[in-house]
Amino acid sequence: MAREKRVVLILVEGPSNENALLEPMQAALDFTANGALPEARALAFHCDVTTVRPFSWEASFAVKDRVRDTVRQFVVDRIASRHEYEWTDLDRIIHIVDLDGAFIPNECIVEGDCDGFAYGRDSITARDTARVVDRNERKSAALLELAGTRELKHRKHAVPYRVYFMSRNLEHALYGSVREFSDDEKRQLSAAFGKKYRNDPEGFINLLRSGDVKVPGDTVEETWRYAREGTNSLHRGSNLHLFFSGSEPESPSRPSTP
């Protein structure tokens, strides 16, 4: 009999996130596993899936009306194209997103002479503040839809789904840096981070649980409520530590009904 696959699928925004997290996540899964060891795999959207809909022609995947359906179809299509595992091999789907200050009050969006968006501890500065307001409205609505999703279904088979956040982004949450990095710098940082923690799973988990990174809240729901308050979505933090808390739901034992 063939070995039953148990794949923990990690969805990330881009390759630097994948390089930083995949090997440490695999090592941490092996370190905390009780019984059969799961296999971590990663898929990258190569864009921000929470804001891609108005620019769907730029995406390399099908963009649906609802972000949850976009995520589901992305996973289904990538599995079908790669032939490495099946939907039914998935133990759970972990989606890691950047908050990018999406929940801050509009009065914390200020006009200034800068290229793009300039992120501060409690404000976002831009030449065109209306662009930030529009982006935040779309992004926050999409984030809340994903945060309220508990499973994704394909052909009646349900897979547990959880979305975790980095605030305001991965470099801020994990590296403690507030400046913007070039793509080359992101690649170098992510490679160094992945190399450091792929052989130190306990250190990786301890980092996520440290006072610098761990956000308040004992459940995923509580941490998302925290992220929505005031300017917290600009402050450094993550709720990814909860994935290793032992409180996550188990995979369903049988396919669910529609």
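The values are calculated or read from the model by the stated rules, or taken from the named source; none is laboratory data. Please read these numbers as outputs of a predicted model, since none were measured by experiment. Please note: Cβ atoms are built from the backbone with ideal geometry, for glycine as well, and neighbour counts cover all protein chains shown.
So the values come out like this:
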{"read-out": "Of the criteria (1) of a type outside the set (D, E, K, R); (2) over 19 Å from the mean Cα position of the chain (by Cα); (3) surrounded by 13 or more Cβ atoms within 10 Å (Cβ to Cβ), which one residue 49 fails", "value": "(2)"}
{"read-out": "Tally of residues being of a type in the set (Gly, Ala, Ser) and over 22 Å from the mean Cα position of the chain (by Cα) across region 126-157", "value": "2"}
{"read-out": "Residues satisfying the stated conditions in region 119-143, i.e. of a type in the set (A, V, I, L, M, F, W, C), surrounded by 15 or more Cβ atoms within 10 Å (Cβ to Cβ) and not in a strand (DSSP E or B)", "value": "132, 142, 143"}
{"read-out": "Among (1) surrounded by fewer than 20 Cβ atoms within 10 Å (Cβ to Cβ); (2) under 23 Å from residue 21 (Cα atoms); (3) aromatic (Phe, Trp, Tyr), the one test that residue 55 misses", "value": "(2)"}
{"read-out": "Subset of region 92-109 that is in contact with a Leu (Cβ under 8 Å, 6 or more places away or on another chain) and assigned to a strand (DSSP E or B) - its residue that is nearest to residue 128 (Cα to Cα)", "value": "98"}
{"read-out": "In region 207-238, the residues that are exposed (fewer than 14 other Cβ atoms within 10 Å of the Cβ) and over 30 Å from residue 106 (Cβ atoms)", "value": "210, 211, 218"}
{"read-out": "All positions within region 63-89 that are among the hydrophobic types (A, V, I, L, M, F, W, C) and either in a loop (DSSP other than H, G, I, E, B) or within 17 Å of the chain's Cα centre (by Cα) (or both)", "value": "63, 67, 71, 74, 75"}
{"read-out": "Count of region 145-194 residues which are touching a residue at least 40 places away in the same chain (Cβ under 8 Å), more than 16 Å from residue 235 (Cα to Cα), of a type outside the set (Gly, Ala, Ser) and outside any strand (DSSP E or B)", "value": "11"}
{"read-out": "Test result for residue 20, within 17 Å of the chain's Cα centre (by Cα), of a type in the set (Gly, Ala, Ser), modelled with pLDDT of 95 or more and not in a helix (DSSP H, G or I)", "value": "no"}
{"read-out": "Of residues in region 195-244 being in a loop (DSSP other than H, G, I, E, B) and within 17 Å of the chain's Cα centre (by Cα), the one farthest from residue 178 (Cα to Cα)", "value": "219"}
{"read-out": "For residue 58: the one exception among (1) within 17 Å of the chain's Cα centre (by Cα); (2) closer than 28 Å to residue 194 by Cβ", "value": "(1)"}
